[in-house]
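Each value in this text was obtained by applying a stated rule to the coordinates, not by laboratory testing. Worth saying up front: this structure is predicted, and the values here are computed from it rather than measured. No Cβ is skipped: glycine too gets one built from the backbone with ideal geometry, and neighbour counts run over all protein chains shown.
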Amino acid sequence: MTTILMRGKPVADKYRELITKKISDAKENGKLVTLAVIVVGDDPASHVYKNRLVKLIEDLGGQAKELLLPADTEEEEVINVIKKMNRNRYITGILPMMPMPKHINGDAVGAAIAANKDIDCLSYDNLGGFFAGNNPYAACTPRACLAILEHYGIELAGKKVVVIGRSNVVGKPVAMLLLHKNATVTICHSKTQNLAELTRKADIVVAAVGKACFVTPDMVKEGVVIVDVGINSVDGKLVGDVDPAVEAKASAFTPVPGGVGVVSNMMVMDALTRHI
C-alpha cells in the first residue's frame, strides 16, 4: 500500500497565488486589504497564531491591525471594539482569537461581527447560511480540511467518515462540509460510547479533539485516511491528536506540523479577500 503524505504547503501555495493577485488588484484600485486581529489576554497559542497571520497578510501585500486587550477586559468592551471595527471602512475583515477568557461568551463576540467582515464564520447570519448550504465560507480550519482532501484526490461521496470533536469552529462545520460532499458522517465526542468500534469502521477519520496522540493504531482499520486537526505541545514538540504510529496503517494522512494548520492560515486570507 502506497501512503500519501498530505502536506499542506502545495495546497496553500495554490491559494497563495490567487490571493496575492486579488490583494494586488485591490491596492491598484486604492484599497489596502486589512485584517483586524483581536486577542484578549495572554494565551500563548493565540499570540503565536496571531503573529503568523500578521506575517502572512503582510507577505501577501496587505496589512494587519492588532488589537491586544487585557485578560480582564469585560465582554461588553470586546463587543464594542468589534462594533467599532464593523464601522471602520478601512478594515476588510475581523478575526477574534478563540477561545476567549472564561468570563467572555465567545458566541456573543462572534455574533457581533458584521457578516461581510466575518472571517471565521462566527456571526449568526453566516452560520445560518452555511448550515443551510447557502454560504461556502465555513470556518477556516474545516475549509482547510476539505481543501486538502480535494487536492489529494480523496473520494468523499459515499464514504464513512468519523469526526472526533463537536466544537462550533471545527467538529460541527467540518461534518457539515463532508455531508455537503455526500459522505456519511458520524460525529463523536466525550459522551460517545464504544468510540473505537466506530472509528474502526471509518474510511476517513477527522481528529479534532484537542488531546495529544488520542487516536491510536488499534482504533483504525488498514487503509484509513487520517485528517489530523490537532496541535498539541508535548515536551516542547508539536504533535497532533493522532498517534504517529497510526501512519503505518493509513493510506493517506496529514502531518503535524505541516498539514492542516498551513492551509488554515491561507483560508483566513481567502475569506478576507472574498468581498474585494
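Side notes on the structure shown:
- By the count of other C-beta atoms within 10 Å, a proxy for reagent exposure, Met176, Met85, Met269 are ordered fewest to most as Met176, Met85, Met269.
- Value at 222 nm in deg cm²/dmol, rounded to 500, when DSSP H runs of n ≥ 4 in the chain each add -39,500 (n - 2.57): -11500 deg cm²/dmol
- Using a cutoff of 8 angstrom between alpha carbon atoms and counting only pairs six or more residues apart, the relative contact order for the stretch 117-276 works out to 21 percent.
- Electrostatic tally near Lys84: other residues with Cβ closer than 13 Å to its Cβ, Lys and Arg +1, Asp and Glu -1, net +3.
- Counted charge near Gly110, where neighbours are those whose Cβ lies closer than 10 Å (Asp, Glu -1; Lys, Arg +1): -3
- Between the Cα long axis of helix 140-151 and the first principal axis of the chain there is an angle of about 50°, rounded to the nearest 10.
- DSSP beta bridges in the stretch 138-262 [antiparallel fraction, %, rounded to 5]: 15
- Under a Gaussian network description of the chain, with springs only between Cα atoms under 10 Å, the residue in Lys172, Lys27, Lys159 that fluctuates furthest is Lys27.
- Cβ charges +1 (Lys, Arg) and -1 (Asp, Glu), total dipole of the stretch 138-262, debye: 420
- For Lys181, a cut-off of 16 angstrom between C-alpha atoms picks up these aspartates and glutamates, skipping any fewer than 8 places away in its own chain: Glu150, Glu155, Asp203.
- Across the chain, counting alpha-carbon atoms alone, Rg and Dmax equal 18.7, 57 Å.
- For the stretch 1-102, the equivalent ellipsoid derived from the Cα gyration tensor has semi-axes of 28, 22, 10 Å, listed largest first.
- For the residue pairs Lys27/Lys65; Lys9/Lys55; Lys65/Lys172; Lys21/Lys84; Lys14/Lys50; Lys160/Lys221, the C-alpha atoms sit more than 20 angstrom apart in Lys65/Lys172; Lys21/Lys84; Lys14/Lys50.
- Beta bridges assigned by DSSP with both partners in the chain are antiparallel in approximately 10 percent of cases.
- For the stretch 138-262: rounded, prolate or oblate by the Cα gyration tensor [a/c cutoff 1.5]: rounded
- Sum of side-chain charges, Asn232 neighbourhood, beta-carbon under 10 Å (Lys, Arg +1; Asp, Glu -1): +1
- Under 18 Å from Lys191, Cα to Cα: aspartates and glutamates that are on another chain or at least 8 residues apart: Asp241
- Exposure proxy ranking, count of Cβ atoms within 10 Å, fewest first, for Glu58, Glu28: Glu28, Glu58
- Whole-number percent relative contact order across the chain, with pairs defined as alpha carbons under 8 Å at least 6 apart: 21
- Which of Val174, Thr254, Ala208, positive extreme of dipole for the stretch 173-257 (C-beta unit charges): Val174
- Prolate/oblate/rounded call for the stretch 89-190, Cα gyration tensor, a/c under 1.5 rounded: prolate
- Burial ordering of Lys181, Lys21, Lys102, fewest other beta-carbon atoms within 10 Å first: Lys102, Lys21, Lys181
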